[in-house]
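The structure is given below, and queries will be raised subsequently.
The values are calculated or read from the model by the stated rules, or taken from the named source; none is laboratory data. On a predicted model such as this, the values are computed, not experimentally measured, just so you know. Note that each Cβ is placed from the backbone with ideal geometry, even for glycine, and that neighbours are counted across all protein chains shown. With ligands, DNA and RNA removed, areas are computed over all heavy atoms of the protein, side chains included. Shrake-Rupley method; radii C 1.70, N 1.55, O 1.52, S 1.80 Å.
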Amino acid sequence: MASTPNYSTLAAWPLAICRTLNSENIDPDPLLSEAGLNYSEFETNPDGRIPIEKMTQFWQEVETSSKNPAFALKVGKFVQPMHFRALGLLMITSKNMFEAMESLEKYHALVSNTVDIRIIQKVDRIGFVIDPLPGVPIHPMSIDAFFATLLILSQQLTDQLDLL
């Protein structure tokens, strides 16, 4: 009998979301409580995993409370490469941006195992595609937050790396 996969995301994500909420003068505690999450649990264990159902509920609470459908775009400002743990280290030690993106494509499940990520390479640009896994509940804000984080991380990395 095959077991059902445990879909989850890194506990560092709700930490960044809570920091963003605080910067907007929104108390994250009631939102976390509604989603069945406890700040102290993932604050003490940012390497831990959050079940995707709870994370999706948290995003829904964030969207409702912020009244801002673009709120997730602000989350990238509160994420650092080390929030991605080993993957973040791989990325910041890459010799160029493409190598950093390849690491993200290959090891993205360390951050979240709810999507497939692939690189699309063109002559003059590199693109990213995020494909949510069928039947896995993912809030659209999580995708926005990921791309906002990727943009800021790319800016940080390109200050340190060659582009190609």
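Tally the residues that are of a type outside the set (Phe, Trp, Tyr) and over 17 Å from the mean Cα position of the chain (by Cα), restricting the search to segment 92-118.
6
Taking segment 16-45 as the search range and keeping residues that are within 14 Å of Gln57 (Cα to Cα), small (Gly, Ala, Ser) and in contact with a helix residue (DSSP H, G or I) (Cβ under 8 Å, 6 or more places away or on another chain), which one is most open to solvent (accessible area, probe 1.4 Å)?
Checking each candidate, the answer is Gly36.
Here is a further query. Within segment 132-143, can you find the residues that are part of a helix (DSSP H, G or I) and open to solvent by less than 60 Å² (accessible area, probe 1.4 Å)?
Met141, Ser142, Ile143
Separate question: Based on what the data block shows, is Leu153 aliphatic (A, V, I, L, M), touching a helix residue (DSSP H, G or I) at 6+ places or on another chain (Cβ under 7 Å), farther than 28 Å from Ser66 by Cβ and surrounded by 15 or more Cβ atoms within 10 Å (Cβ to Cβ)? Step through it out loud before you land on a result.
Numbers: aliphatic (A, V, I, L, M): yes; touching a helix residue (DSSP H, G or I) at 6+ places or on another chain (Cβ under 7 Å): yes; farther than 28 Å from Ser66 by Cβ: no; surrounded by 15 or more Cβ atoms within 10 Å (Cβ to Cβ): yes.
It is false that Leu153 is aliphatic (A, V, I, L, M), touching a helix residue (DSSP H, G or I) at 6+ places or on another chain (Cβ under 7 Å), farther than 28 Å from Ser66 by Cβ and surrounded by 15 or more Cβ atoms within 10 Å (Cβ to Cβ).
Scan segment 92-127 residue by residue and report those that are touching a helix residue (DSSP H, G or I) at 6+ places or on another chain (Cβ under 7 Å) and within 21 Å of Asp159 (Cα to Cα).
Passing the criteria: Ile92, Ser94, Met97, Ala100, Ser103, Leu104, Ile126.
Among the residues of segment 1-59, how many are touching a residue at least 60 places away in the same chain (Cβ under 8 Å) and hydrophobic (A, V, I, L, M, F, W, C)?
Of the residues in that region, 9 qualify.
Then there is this: Hey, can you tell me all the residues within segment 66-87 that are in contact (Cβ under 8 Å) with a residue 40 or more places away in the chain and more than 17 Å from Thr20 (Cα to Cα)?
Selection gives Phe84, Arg85.
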